[in-house]
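Undergrad: Input: one structure, supplied below.
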Amino acid sequence: GQLVTSGVNNSFFGKSSGAANIVGGSNTFMGAQSGILNTASSGTFIGANAGQTVTSGASNTCLGAGADVFVGTLTGVLALGAGAIANASNQLVVGSVAVPLTTQLTVGAAGAAVALPATPSEYLQVFLNGVLLVIPLYLPA
């Protein structure tokens, strides 16, 4: 954060965190070299080397050591877990091939089953342990 000239509401914790941030505002950098190349706003980078590739892409969240984006201009990314790498804007990535997560998902309460519409309202694309999952979403009417 040494180079900030006009960026406001930033937090810097860790050696070289947010080092290139000059004008970006409302960012949080926690961990050595987190968001080191970031010049954009509204980013959250927590963990050593988190968001290390982000340059001008805004509104990215990288949580976990080495959680990052594939291209520095991506926006709206949520990369969760050590080594999670997003390769498209507005993408949620959980875990990585190198650091797989064990997952268990429970939705709803026992005995609360309801018939779903024939067609989902939309689809959520999630990378889990390096595998793209397409999850149908059924929004309430």
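Undergrad: Any chance you could check the Cα centroid distance between the range 50-75 and the range 21-35 for me, in angstrom?
TA: Computed from Cα coordinates, the inter-centre distance equals 11 Å.
Undergrad: Relative contact order for the range 1-88 using alpha-carbon pairs under 8 Å, separation at least 6, rounded to a whole percent?
TA: Contact order relative to length: 18 percent.
Undergrad: Give me the percent of DSSP beta bridges within the chain that run antiparallel, rounded to the nearest 5.
TA: Within the chain, antiparallel bridges account for around 25 percent of the total.
Undergrad: Now for a separate question. Taking the Cα of S89, stepping 7 Å toward and past its beta carbon, and measuring to each backbone N in the range 47-61: which are under 16 Å?
TA: The answer is 54-61, whose backbone nitrogens lie closer than 16 Å to the label point.
Undergrad: Any idea how far apart L3 and L124 come out in nm if each label point goes 7 Å out from Cα toward Cβ?
TA: 3.7
Undergrad: In nm, to one decimal, how far is the modelled label at A32 from the one at F13, with both set 7 Å along Cα→Cβ?
TA: 1.7
Undergrad: Right, next: Please report the carbon-and-sulfur percent of the accessible area for the chain; probe 1.4 Å, protein heavy atoms only, DNA, RNA and ligands left out.
TA: Using a 1.4 Å probe with all protein chains present, the chain comes out at 62 percent carbon and sulfur.
Undergrad: As a test of the definition: which semi-axes, in Å, follow for the range 6-83 when you take the square root of five times each eigenvalue of its alpha carbon gyration tensor? Largest first, please.
TA: Values for the range 6-83, descending: 16, 13, 9 Å.
The values are calculated or read from the model by the stated rules, or taken from the named source; none is laboratory data. This is a predicted model, so every value here is computed, not measured. Positions of Cβ are backbone-derived with ideal geometry, glycine not excepted, and every protein chain shown enters the neighbour counts. Heavy atoms of the whole protein, side chains included, go into the accessibility calculation; ligands, DNA and RNA do not. Shrake-Rupley method; radii C 1.70, N 1.55, O 1.52, S 1.80 Å.
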